[in-house]
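Some notes on the structure that comes next.
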Amino acid sequence: MNGWVTFDDPATGINTKAYTGSLIVAREQITKLNLTKIDPLAAFENLHNLEPMLSLNRKDSRFVNAKEVLKGLGPETNLAAMDWQDFEHLIRELFEKEFSFRRGAEVKITQASRDRGVDAVVFDPDPIHGGKFVIQAKRYTNTVDVSAVRDLCAVVKKEGASRGILVTTSTYGADAYAFANNEPVTLLNGAELLGLLKKHGYSFRINLQEARRSV
């Protein structure tokens, strides 16, 4: 539900329509209200959500059902050697936990394609820090080339996203970081990935040499 107010702007004297705020409510919460007698501000406060929300289009034919993989892994799991599709689902689960504190946030995973496209999408309705974030998961054993960062930047623009997030089990070169520095992208290397997982209570390992031998 979006709130608007019409008033005479004291600075110009022009009748103006302005956005005041939004909130997410269940239909039954609204149908119970007597709109002819309520005080708008009191009613708004009574619905217990004073945070404005971004309106995001969450429909996409590429989205598929999520698969839970975190609970089936243990400290012995080498992320660099796991199935690449399972790794994508792991990244979706991880970011779902990372964004869980944001009211209305949602993480979706796309069809497995290995096409350098979008592996997961985060929808965060927070009006200041939120938006649409596209995620690419790279279960790599070698350094991620700067071309992968360029590709992600192109995807961000194509998707109309606020930011792109590239997550790998490996590392990035100096040229990749230099390119990303001026673009709306975030690079997470293997060590940072393990740190983010540990933040949410998961301890795994990454051994690139072992993963190379298993290929």
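The values are calculated or read from the model by the stated rules, or taken from the named source; none is laboratory data. Remember, it's a predicted structure, so these values are computed and weren't measured experimentally. Glycine gets a Cβ as well: all are built from the backbone with ideal geometry, and neighbour counts include every protein chain shown.
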Quiz item: In segment 134-158, what count of residues is obtained for those that are out of contact with any helix residue (DSSP H, G or I) (no Cβ under 8 Å at 6 or more places or on another chain) and either buried (at least 19 other Cβ atoms within 10 Å of the Cβ) or aliphatic (A, V, I, L, M) (or both)?
Solution: 4
Exercise. Please name all residue pairs, on different chains or six or more residues apart, with Cβ atoms under 6 Å, provided the first residue is in segment 99-128 and is on the phi < 0 side of the Ramachandran plot and the second residue is of a type in the set (S, T, N, Q) and at pLDDT 80 or above.
Key: ALA112/GLN85; VAL118/THR110; ASP119/GLN136
Self-check item: Any hit, segment 114-130, residues being closer than 26 Å to VAL69 by Cβ and over 19 Å from the mean Cα position of the chain (by Cα)
Solution: yes
Quiz item: Does ALA120 fit the bill of being crowded, with 21+ Cβ neighbours inside 10 Å, farther than 21 Å from ASN78 by Cβ and modelled with pLDDT of 95 or more?
Solution: no
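Find the helices (runs of 4 or more DSSP H) located wholly in segment 73-184 whose residues include 1 or more that are in the same structural domain as SER203 (by TED's automatic domain parsing) and closer than 17 Å to PHE63 by Cα, and list them. Don't jump to the end; show me each part of the working.
Values: elements: 84-98, 146-159, 174-180.
Ranges flagged: 84-98, 146-159.
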Quiz item: Consider ALA137 against the criteria (1) touching an Asp or Glu at 6+ places or on another chain (Cβ under 6 Å); (2) under 16 Å from LEU166 (Cβ atoms); (3) at pLDDT below 80; (4) not polar (S, T, N, Q): it satisfies all of them except one. Which criterion is unmet?
Solution: (3)
Exercise. Give the number of residues within segment 1-54 that are within 21 Å of GLY104 (Cβ to Cβ), among the small types (Gly, Ala, Ser) and at pLDDT 75 or above.
Key: 1
Quiz item: Give me the pairs: first residue in segment 162-176 and free of Cβ contacts under 8 Å to residues at least 60 places away in the same chain and among the hydroxyl-bearing types (Ser, Thr, Tyr), second residue surrounded by fewer than 18 Cβ atoms within 10 Å (Cβ to Cβ) and assigned to a loop (DSSP other than H, G, I, E, B), beta-carbon distance under 8 Å, and six or more apart or on different chains, which are they?
Solution: SER162/PRO184; THR171/THR143; TYR172/THR143
Practice problem: Please work out which residue is farthest from GLY160 (Cα to Cα), limiting yourself to segment 67-89 and to residues that are of a type in the set (A, V, I, L, M) and in contact with a helix residue (DSSP H, G or I) (Cβ under 6 Å, 6 or more places away or on another chain). | Solution: ALA81
